[in-house]
Structures are given as structure tokens and as C-alpha cells.
1. Inspect all residues belonging to segment 149-167 and state whether any of them is of a type in the set (Val, Ile, Thr) and out of contact with any helix residue (DSSP H, G or I) (no Cβ under 9 Å at 6 or more places or on another chain).
2. Residues Leu94, Leu54, Leu73, Leu80: which one is within 30 Å of Cys173 (Cβ to Cβ) and either outside the structural domain of Ala27 (by TED's automatic domain parsing) or at pLDDT 90 or above (or both)?
3. Regarding Ala155, is this residue at pLDDT 90 or above, of a type outside the set (Lys, Arg) and either crowded, with 18+ Cβ neighbours inside 10 Å or within 60 Å of the chain's Cα centre (by Cα) (or both)?
4. If I ask for residues that are surrounded by fewer than 17 Cβ atoms within 10 Å (Cβ to Cβ) and more than 15 Å from Ile15 (Cβ to Cβ), which ones from segment 32-49 would you list?
Amino acid sequence: MTLYLDHIAKAWKRILRCGDTILPPSAVDAITVQSLELLAPKHSDMDKSRVISLMEHGKIFPSQSDRGIRKILVENICNLPGVIPSLWTFFETLKYLEPLCEALRRLLGEQMKRTIRSSLTGLFFAPSKNMVQLNETEDVEIKVELSQQDAMMVAYTELWAFCSRHFDGLTACTPRKEIGGPKPYVKGPNPVAWQHLAKFAISRGFQIKHAQALVAKEELYHSQLALEYLRKANPMCSNFSSDHVQRVLTAVRSDESAKTCEPVLKLPHLSVDRRSGRPFEHDLTKEKEIMFFPQLYSGPPCEDTNLRLLRRDLFSCIFISLELQTADFGVPTTAPVSVQDVMDIDIPPEPPNPDAQRTELQLHYATLHQEYQSLSLQHETLVSKSNSQHKKIDNLESKNAEIQDLLEEYTSKYQQLNDAYCCFIKDHHGCEKVKGQLQDLIHRWKAQSEENMELESTCTRLRRELRNALDSRTLDEPVLRAEEVQAPLAIEATTVSDIEYSDDEPTSDSLTLYTRAAGSNDRNQYEIFLAYAATEEGEPHGYGFDISQSIEEAIPQIADSLRQAESVFGSEQYHAITFLGTHLTSTEPAYLFERLKADRTIFIGRNSVLAALIPALSTAAASSPQPHQAAVIFEQAATQALGEDSTRHGKRKRGDATREIANKRRCVPGTEVEPAIPSTRAKKRKPLGILKSKKARGREQTAAAISTSTAAGH
């Protein structure tokens, strides 16, 4: 079989050759091999059309896109002689040769050495003439001179061809069942077929001891076969004479000698599924007529993919490759006749014996009765097995129904999970967008915080300069008129979402920190101040929240300020004190509102900050203004108005914020202050809530600078 493997490699190299180069093996895929194997496009127009169609539709060699290469591949395939082989056809060939090998090994017996070929080569002695079988009854001589090796290979090939024709009689193997037909019955091993194989091997020059022993028993085998035939033909007769046996043998030989075979048979086209493996039953009938050396190695070329082409291609590949012409053979001569399995001869009946017939019938009845009982038991067994199988089928159907229900349930659950996953993905994308917006707001808040810190430092410096200027003034200096002080603007409380940005004034996105001056407590307004830190003078620095005097409006405002404190100082990390320094034990909004009625102002912050504020708060609460300080206090009231105008922009207004800031100033006893008149030229701004525009801050700085320069001038 190594020769067949070499044949596969050479065939595919021939297909892949493109000029002086050979395409790599990677150009051949599994589908290409499966589509081309067992086709013979050089000998069959149907196979050629199929190859061209496969190439045009890209079914074969899909990796080769070049049209020139694909055209060359088609030409190579269509010019390949014989059948296109593959590894699959290699294994199918092994199936075909298996019963043939079994017969030859059994023929060699104890003389079987390493391989069948080497064993037969050692036992071959060339006869005087190179005779080959023309058919079952005639031999012809090869007139062409052959070498010792070629003569041995011719005889060796004939042995394989003989086994191929009669493998069903030499072994227990049977041909393949035809589709829709009955299963072939086992015919072998047949001793007469073995006896003729042995005689044929000896006639071809093989000195095999086992074959010689079989030939010596020829008459015995023939007599046994004739006797078996007589018993089948006349089962009512138990004894047959030797004359009856001899008459059967004579009739068979005379019948076989009259048979002739056509020189060339017309064979039908074979479909692809019938071209490999062990032959089908109908194909074996044709194979018995064509498996002779002259038909395998001579005669006209095959014009279709038939059985002769397949066997000629196989034998030329694995045995001898020899081409002969019809003129190379001599005149046919009569060969030894093979006894066939079927012998249809009429035997004259003997006179009937009633007793013998009765005994024979009784024996036959007993045999049939036993067979009936055996078949009944088998029937009962099969019925019980059938019932059990039906029960199993019912159980499987019920389980299948349950599995179908579970499948539908899991499918619905999967759909729900898939919908939930889609919703989650949408929410995740929304969260990612919000996260990006929050990060942007954080960056903006940090930038604004830096700007606010710069503004706070500027305001602190200006307040310090103003305080120093006020301290350096004398009592004889003229008192400023209240009309010269610009009234602070009324600002409505609002939230960030309600801010309306002015077209010409930029806004800020964060609360404005400011320092609450001592003595600025307004008796007409409630206030909650979130103290972040204390200045060197002990003044609180942070945010202020105005609280309405109406409890319905005040409670939400107090709760909002507490939430702000919790977000700034942390949960349970802040405390509350009054303007007089009294610590409050509860932070409930209702309780804080009652304390605001009495104290007007509540400070909220950490313990360390509140402890630093208590001395300053106590001093401010204990001190009261003196009469001789009226002028200074009047000026402080004016300065305080300017200061509060700058700080009120940093408070979150709640409740009624439309009252004028000037009316919130606490009047100093003993001092006459003219009412502040708002400037008619002041532009009415949109409510900005806790935000403050750059123009407002600039106006505050200008007022502070004017006050400082006035104090320095006096």
C-alpha cells in the first residue's frame, strides 16, 4: 500500500504544478479534496463538467484568486489519468483488499513470511509459457517476452484478480447490500472454490504446499458438493448412490464448458458513492466477468467512469504497470473448469417408501416444532423489549416536554435579564455623562474658590485699612451724611437652578465667604451663620443664611442650612451657639427657630472655631455705645452699610428678602441719622441670590476706597 500512498502524492503534485513551480500544500483545503476525490474528468464528460462547475463557483481552491492559476489547475485536473486519489480513497481501498488478503494468507498457510508478495516471490518458478486467463474457461499466452520479475508479477496479479472475483466464496465476507434490496447471504468459505484457487496458483508456477494438498482432494470435494446438492434437491431421500453423484459431476462440467464470455462488456456509469470500498452485489456480478488480465491491461481505453476503469487504475497502481495490445496475446485455449455453487440438474425420483416418508415427516415436524417454540420465545422476548422501549419512549417524551417548558421559562427569564441589562447600560451611560458634568463642575468650583480666596484677602485688607482709618479720626471731624452712602441693593433669595445670568454681568457658581463684623446683629432679622474659621480679632468667617420670621417659611430654611452644615462639617461634627455664647443642645429646626426669636443669630461650626468666637461675642454683647461716640458710630453705620452690601451677596436668602438692607441697620441711641435714600441712578439688577457680579464687587471696592480717602483727608 506504500505504492498507493506514492500514487496519491504524485497525483496531487501533478494537479498543483503551475509551470515550473508547484503550489504549496496549503492551497488545498478539505472541501477541495472531498469535492475532487474519485472523479475521473479525463475519461468522463460528466466528471469534467462537474470539475469546471466547482472551479467557476469557487468551491475548490478558494485561496487561489488568480484566474490564470485557476485555469491551469482545471487543465491539470482534467488531464489527470485515472481516478483522483486521496487519503479517504486509501482507506476505502484497504476495505476492498481485506478479503483478498485473507484468502491469499490462508492459501500460503505455514509458508507465509513477512508479506504476501515476498512469500509468493520465493515460491514462484516460471512455467515454460506465460499463460493468463481470458475468462473462466479459456487461457491465452502472452507472446511478448517478459523478464523473470515481470512474469512473476503477471502471475501475482492474476492471483489477486482471481480472489477479487471469488472473495464471497473464499471467505465469509459478502458484497455490499443494494439500496432497497435484500441482504446478501454468506456463501463461503466454499471448499470447491478453495480447491480451484489452489489449482490455479499451481498452474501459474507457485509451488505452495497447502495448494498442492487441496488439489489432491479434488475428487473428494466434488463428491461432497454433489452429495450436498442431491440432499437439497431431494430432501425426502436419505441415501444416494455413487452413480447419482457421478451424473451430477458430469452434468456440471458439460454445462460449464458450454459457457462463453463476450470479449468486451458494456459497463454502466458508476455514481461516486459506488466507486470505492467493497463492491455492491450487482457490481460484483460484473466484476466476475471483467477481472481478467487481458481486460485490465489491454483493450480500448475507457470512455466513462465504470468498473473497468476503477479496477484498471487500482491494479496498475499497486501491482504491475504494463500496457499490452490485443495482438500481444495468442490463440485462446481451454482452461480447467471451475465448479459453480449453483447446480440445477434434474434427478430422476426413486419409488416412494411410505414408512421412510412417514419417519422423515415426523422428524421434519419435530424440527419445525422446536423452531416454532424457539421463535415463540424470541417473539415474547421481543414483545417485552418492545414494551420496555415504549415505556422509555414515553418517559423521554415527558422529560422532553418538561425540558421544553423549562426552556421557555429560561428563555423568558433571559429576555428579562437582557432587558434589565440594556436598562442598566443606559443608566450607566447616563451616570457617565453626569460624572463628566460633575468633574467639570469640580474644576470650575476649584477655579472659582481660588478667585474667591483672592477676593477675600483683598476684602480683609481693605477692612483693616478702613478700621485703621476710622480709629485715627478725631471727634471734631465733620459727620458724614447718610445720603452720601449708597443704599444696598435688595437681593432675592434663590437657588442655583433659578439663576438668571445678566447679559453684561458675569456670575459665580459658589457661595461667597465673608467675615461677620462684631455688633452687626440685626434685631429685625433672623440669621444662621456657618463659621468656618475665626479671624485674629475673633470674628467669624463663613457663610450667612437669612431666616424668615414666619415659622412656615423658617423651618425649611433652617433645615436647608443644617444640611449645608452637615455637608461642610460632616455628620455630628458641628455644634451651635447663640450670639451670647450659649451652647445649644439640640439642632431641631423648631427648637432653633424658638432660639432665633430670642437671640436673632445662631452660629454653627466646629468646637475649635466656636471656642475662639465666644470671647469676641461676649465682648460685643456686653458693650453698649456712649454718647460721645455718636459721630464715630454714625460713620461706622455708614461703613457697615457698605460692608454688608458686599457680604449680603454671599448669603443664601430665605423668606422675605425684599426688605431694604438699610432698614435692617440697628439705630444707635443718641445719634440722629438721616434716612438713606437709594440712588436713582443705580441699575435694577436681576435677582442673583447667593451669587455676586464683578460690577458689584468693584462698586464695593470703590466705596471702601472713597471712605478710606475721606478719613485720611480729615
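The values are calculated or read from the model by the stated rules, or taken from the named source; none is laboratory data. Since the structure is predicted, the reported quantities are computational estimates derived from the model, not experimental observations. Note: ideal-geometry Cβ built from the backbone for every residue, glycine included; neighbour counts use all protein chains shown.
1. No.
2. Leu94
3. yes
4. Asp45, Met46, Ser49
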